[in-house]
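The values are calculated or read from the model by the stated rules, or taken from the named source; none is laboratory data. Here the structure is a predicted model, which means the values were calculated and not measured. Positions of Cβ are generated from backbone atoms using ideal geometry, with glycine treated the same way; all protein chains shown enter the neighbour counts. With ligands, DNA and RNA removed, areas are computed over all heavy atoms of the protein, side chains included. Shrake-Rupley method; radii C 1.70, N 1.55, O 1.52, S 1.80 Å.
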Amino acid sequence: MASQNYQNMPQRYFYLDDEKQQCLTASWKHNWRHFTLRLQDQEVSSFTMKEELAEGQVYVMPDGRLLSVRLNRRKEPDLVLSLDGMPMHGSDTDLRRQVKNNYQLAFFLGILNIMGGLLAESVQSELLLHLGFGYETAIVGVAYLSLSRGIKRLSLFAVYAMIALLAFDIAFLCILSVLENGTGSSPASGLLLNLVFIYAFVKGAGAIKKLKTKVAATITA
């Protein structure tokens with residue numbers, strides 16, 4: 001009966017190694033009560049109430065590394081696990097996940113600009129041309145694709161270049177709005193999207209900095 005209840009509980013998986021051989025399994029009941037963390041089916045920690053989990057705890061793993069377990073205090077709480085101060089794979093605050101999201105966003109923007117620009121010019125679509133697509137955006141799309149590769153390789157220059165290009169696009173939209181004043185064109189949605197993208201890449205830059213700091217600390221240790 002106990003194993004059956006365990007199987008029906010919500011679960012999350014975290015890995016201690018890149019090969020995903022050592023797995024931590026987190027399970028809990030409604031509202032994060034009766035939280036249990038297991039390593040290869042061996043119980044590592046348990047919390048009865050949500051408030052206890054929010055306080056968190058640090059454990060010494062068999063290999064000597066420090067495992068931190070806690071529930072963040074956001075409006076929608078999520079589990080945060082870190083190993084020797086480094087967010088683990090699968091954690092909501094996983095730095096690598098933030099970098100991966102940046103890479104995917106830059107890649108998507110690159111494809112979108114290339115396809116939109118080429119399509120606008122090839123069929124002379126008034127809608128796409130009015131939205132600003134053209135050969136210029138196709139060229140920018142190629143730049144985005146190149147920068148996405150740099151982001152994947154943890155290049156801060158690539159992230160800052162993405163931010164600069166998006167900021168330039170905001171300026172371009174503002175100028176376009178002034179030139180087309182009274183034509184019904186509204187760049188508000190484009191401005192808002194670019195601001196959201198810039199915020200995402202700023203967070204990505206912070207994640208890359210933290211990753212590089214951790215790597216440097218490991219090398220000099």
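Look through segment 1-23, keep the residues that are modelled with pLDDT under 50 and under 16 Å from E43 (Cβ atoms), and return whichever of them is least open to solvent (accessible area, probe 1.4 Å). Looking at the filtered set, the residue picked out is Y6. Counting only residues that are among the aromatic types (F, W, Y), without any contact (Cβ under 8 Å) to a residue 12 or more places away in the chain and farther than 13 Å from V202 by Cα, segment 144-170 holds 1 of them. Open to solvent by 80 Å² or more (accessible area, probe 1.4 Å), modelled with pLDDT of 90 or more and not small (G, A, S): is that true of Y160 in this structure? Here the answer is yes, as Y160 does meet what is asked.
One line per residue, one yes/no per condition, for (1) more than 25 Å from the chain's Cα centre (by Cα); (2) closer than 17 Å to V80 by Cβ; (3) modelled with pLDDT under 90:
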residue	(1), (2), (3)
T25	no, yes, yes
F35	yes, yes, no
R38	yes, no, no
D41	yes, no, yes
V44	yes, yes, yes
F47	yes, yes, no
E52	yes, yes, no
D63	yes, no, yes
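Residue count for segment 93-139, restricted to those that are part of a helix (DSSP H, G or I), out of contact with any helix residue (DSSP H, G or I) (no Cβ under 7 Å at 6 or more places or on another chain) and at pLDDT below 75: 3.
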